[in-house]
Amino acid sequence: MSRPSTNPVVAEVTERITRRSAATRAAYLARVDAALGEGPARGRLACANLAHGFAAADEPMKAGLRANRKPNVAIVSSYNDMLSAHQPFRDVPEVLKKAIVRAGGLAQFAGGVPAMCDGITQGRAGMELSLFSRDLIAMSTAVALSHDMFDAAMMLGVCDKIVPGLLIGALSFGHLPTIFVPAGPMTSGLPNGEKARVRQLYAEGKVGREELLDAEAASYHSKGTCTFYGTANSNQMLMEVMGLHLPDATFVNPGTPLRAALDRAAGERAVAITAAGGEPTPVGHLVDGKAIVNACVALLATGGSTNHTMHLVAMAAAAGITLTWDDLSDLSAAVPLLTRIYPNGSADINHFVAAGGTPFLVHTLLEHGYLHDDVQTVSGRGLWRHTREARLDGDSVVWEEGPRTSLDTEVLRPADDPFAPDGGLRMLAGRLGRAVIKTSAVRPEHRVVTAPAMVFDDQADFLAAFAEGRLDGRDLVAVVRYQGPAANGMPELHKLMPALGVLQDRGQRVAVVTDGRMSGASGKVPAAIHVTPEAALGGPLARVRDGDLVTLDAERGLLEVDLSDADLDGRPTTGRAPSDAEWAGTGRELFSGFRAIVGTAETGASVIRPLPAATQEASVVQPV
């Protein structure tokens, strides 16, 4: 299938990532290829080690592992029965095991990883563990795979930090072919826009807790991923466009025959992509520079979660690839916005699927040269495979040509008729540092705000000021600082948004500037987030005072304060991050070491150090 030439910006960004990453990628691939050359590790285990590895297995599984003739697939899952997105994974391992055995392989449940819900922990101490949980999940994945019993792996995860953590962990075992298995979104409930309206009414005191709880329960109402386009659904989109899901597997509702058929097909495919299956597809080779750029493009074209300005950087680093905010910014300026999914519109993820979903999105982005087609996927070579729709044929899944036109242009559009010419994710820079802003849900008239600062060291202080009426009738930029990874784990600060939305709707000019996060639910109020360097490390936010004139200009990419460099730098810092003694309770004290070593938001906010470059610089630029 012929494809147009690659968009010049996409091509240039890909090429500079290749140059920048040559040494670290070479070092990573050398490690992967060394492990591949050694063959399945369990064949080299001492007898006592191997006996431990199959002691609990039933026959004929035990005999199969002992003989070392069939590929053994590890299953790693984030299942728990409290979280709607992960509850559907309860029975999936057994389904996968049966499918793998039928395909001629063996399977063992290798381990579980933690999965926490940001929706439950919003505004609470548990949210301060959320970002750190990504690297803990990566480590837990590595522990699960560390027994060296496996020829391939299957990762069961959905939300926020879980999927990036699983992929980072899997890339440490880059010689293993790896398939990600999604759970799918819940069916549509109360529209997200109506939920947001009730939240704002509650913030104004116009409805009570019962009315608010009724609205929330009607929105989050069943098994599956939340239906708005936050980090969870952004994760799933990225895994498909990176080629780690089966085609069109991403947004099929749980509990349906097609979902079950896709799970079985994933198990069968896991066997096929092992060396014994004849199509060896190591995940370390699959996740290359072009796959990372494809993920960035898909994120931007869909107005996805700002959390991925950190997660994508961290995932790329795990494969020896250096991705920067400037790469994302340049891609965002070139990639058109093709979807309107809440909070970037009124539709939910099920409406997106009905309009043509991922198959049409991939088709139109390929057709106009925004995606690299010449990549490896778990289904074979070529991203064009993800332009096909999954359909049931009896109890099996088949793939047919997907839609070539959008079925609802209010939700999903072709690349030559976009909602906006850019991806709605922009970088800001100035005297207050570097930051990210998601503009796709912010109206143009609200994208430039110059107003006096009101400084808060905790979102609870901001909410108290709002409740007391101290924010009424005034333009302001809320500077909410000491919320970065080294300060308190970089929590999401969604509780700010209903109050800020009230002020904006009253006609006040408002914005928020923070070294914390807002994630995929960033809404209509302009928010400069992930400010780096963060206040806890002496960043400029630590020297901002009430009344300083702050400018957030999303059009020109500016984050400024009306002070000279000398005046700002000469001020003492005020406020502080919590001490270790104060940052305790809800398990936070167990993560105090993470705060001491975590990297900056711009480098992925990770406690995992990047892979060192090869001893000798690569003399020839190798594809990444």
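Structure notes:
- Positions within the stretch 554-573 being touching a helix residue (DSSP H, G or I) at 6+ places or on another chain (Cβ under 7 Å) and of a type in the set (Ser, Thr, Tyr), in sequence order: Thr573
- Unmet criterion (only one of (1) closer than 29 Å to Asp417 by Cα; (2) modelled with pLDDT of 95 or more; (3) out of contact with any Asp or Glu (no Cβ under 9 Å at 6 or more places or on another chain)) for Ala316: (1)
- Condition check for Gly184: open to solvent by less than 10 Å² (accessible area, probe 1.4 Å), in contact (Cβ under 8 Å) with a residue 12 or more places away in the chain and either of a type in the set (Ser, Thr, Tyr) or farther than 28 Å from Phe352 by Cα (or both): no
- The residues on offer are Pro164, Pro114, and the sole one that is over 18 Å from Gly224 (Cα atoms) and either open to solvent by less than 10 Å² (accessible area, probe 1.4 Å) or in contact with a Ser or Thr (Cβ under 9 Å, 6 or more places away or on another chain) (or both) is Pro164.
- Some residue of the stretch 141-153 being in a helix (DSSP H, G or I), under 24 Å from His52 (Cα atoms), within 19 Å of the chain's Cα centre (by Cα) and of a type in the set (Ser, Thr, Tyr): yes
- Residues being closer than 22 Å to Gln376 by Cβ and assigned to a helix (DSSP H, G or I) - total across the stretch 314-327: 6
- Any hit, the stretch 54-62, residues being in contact with a Phe, Trp or Tyr (Cβ under 9 Å, 6 or more places away or on another chain) and farther than 30 Å from Ala301 by Cα: yes
- For Val397, the stated conditions do not hold, so it cannot be described as within 30 Å of Val335 (Cα to Cα), hydrophobic (A, V, I, L, M, F, W, C) and open to solvent by 10 Å² or more (accessible area, probe 1.4 Å).
- Of residues in the stretch 506-534 being surrounded by 23 or more Cβ atoms within 10 Å (Cβ to Cβ) and free of Cβ contacts under 8 Å to residues at least 60 places away in the same chain, the one farthest from Arg556 (Cα to Cα): Gly516
- Counting only strands (runs of 3 or more DSSP E) wholly contained in the stretch 337-445, the ones carrying 2 or more residues that are modelled with pLDDT of 95 or more and more than 26 Å from Thr309 (Cβ to Cβ) occupy 388-393, 396-401.
For every residue, the table says whether it meets (1) part of a loop (DSSP other than H, G, I, E, B); (2) surrounded by 24 or more Cβ atoms within 10 Å (Cβ to Cβ); (3) free of Cβ contacts under 8 Å to residues at least 60 places away in the same chain.
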residue: Tyr79; (1), (2), (3): yes, no, no
residue: Met82; (1), (2), (3): yes, no, yes
residue: Lys97; (1), (2), (3): no, no, no
residue: Gly104; (1), (2), (3): yes, no, no
residue: Gln108; (1), (2), (3): no, no, yes
residue: Ile120; (1), (2), (3): no, no, yes
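- Filter result for Ala487 (among the aliphatic types (A, V, I, L, M) and open to solvent by less than 30 Å² (accessible area, probe 1.4 Å)): yes
- You will find that of Leu176, Leu212, Leu156, the residue that is touching a helix residue (DSSP H, G or I) at 6+ places or on another chain (Cβ under 8 Å) and farther than 19 Å from Gly111 by Cβ is Leu212 and no other.
- Within the stretch 312-342, the set of residues being open to solvent by less than 20 Å² (accessible area, probe 1.4 Å) and either closer than 30 Å to Ser219 by Cα or touching a strand residue (DSSP E or B) at 6+ places or on another chain (Cβ under 8 Å) (or both) comprises Leu312, Trp325, Leu328, Ser332, Pro336, Leu337, Leu338, Thr339, Ile341.
- Test: Thr281 is closer than 30 Å to Pro40 by Cβ and not in a helix (DSSP H, G or I): yes
- Taking each residue of the stretch 392-407 that is closer than 20 Å to Arg259 by Cα and without any contact (Cβ under 8 Å) to a residue 40 or more places away in the chain and looking for partners that are surrounded by 14 or more Cβ atoms within 10 Å (Cβ to Cβ) and not basic (Lys, Arg) with beta-carbon atoms closer than 8 Å, six or more apart or interchain, yields Val398/Ala390; Val398/Leu392; Glu400/Glu389; Glu401/Thr387; Glu401/Glu389.
- Any hit, the stretch 487-505, residues being over 23 Å from Thr231 (Cβ atoms), touching a residue at least 60 places away in the same chain (Cβ under 8 Å) and either out of contact with any strand residue (DSSP E or B) (no Cβ under 6 Å at 6 or more places or on another chain) or in a helix (DSSP H, G or I) (or both): yes
- Within the stretch 575-594, the set of residues being touching a residue at least 60 places away in the same chain (Cβ under 8 Å) and surrounded by 12 or more Cβ atoms within 10 Å (Cβ to Cβ) comprises Gly575, Arg576, Ala577, Pro578, Trp583, Thr586, Arg588, Phe591, Phe594.
- Test: residue in the stretch 381-403 that is farther than 30 Å from Ala601 by Cα and among the aromatic types (Phe, Trp, Tyr): yes
- Test result for Thr450, of a type in the set (Ser, Thr, Tyr) and surrounded by 23 or more Cβ atoms within 10 Å (Cβ to Cβ): no
- Only one of the numbered conditions (1) more than 24 Å from Ser234 (Cβ to Cβ); (2) in a helix (DSSP H, G or I) is not met by Glu602, and that is (1).
- In the stretch 187-204 there is no residue that is among the hydrophobic types (A, V, I, L, M, F, W, C) and under 20 Å from Met116 (Cβ atoms).
- Here the helices (runs of 4 or more DSSP H) wholly within the stretch 1-63 that include at least 2 residues being in contact with a helix residue (DSSP H, G or I) (Cβ under 9 Å, 6 or more places away or on another chain) and of a type in the set (D, E, K, R) are 8-20, 22-38.
- Just one of the numbered conditions (1) without any contact (Cβ under 8 Å) to a residue 40 or more places away in the chain; (2) part of a helix (DSSP H, G or I); (3) open to solvent by 10 Å² or more (accessible area, probe 1.4 Å); (4) among the basic types (Lys, Arg) is not true of Arg269: (1).
- Extreme residue, most open to solvent (accessible area, probe 1.4 Å), among residues of the stretch 218-249 that are of a type in the set (Ser, Thr, Tyr) and part of a loop (DSSP other than H, G, I, E, B): Tyr220
- When Arg20 is tested against (1) modelled with pLDDT of 95 or more; (2) closer than 20 Å to Asp151 by Cβ; (3) open to solvent by 30 Å² or more (accessible area, probe 1.4 Å), just one condition goes unmet, and that condition is (2).
The values are calculated or read from the model by the stated rules, or taken from the named source; none is laboratory data. None of these values were measured; they are calculated from a predicted model. Every residue, glycine among them, receives a Cβ derived from its backbone with ideal geometry; neighbour counts consider all protein chains shown. Ligands, DNA and RNA are stripped out before the accessible areas are found, and what is left, the full protein with its side chains, is counted by its heavy atoms. Shrake-Rupley method; radii C 1.70, N 1.55, O 1.52, S 1.80 Å.
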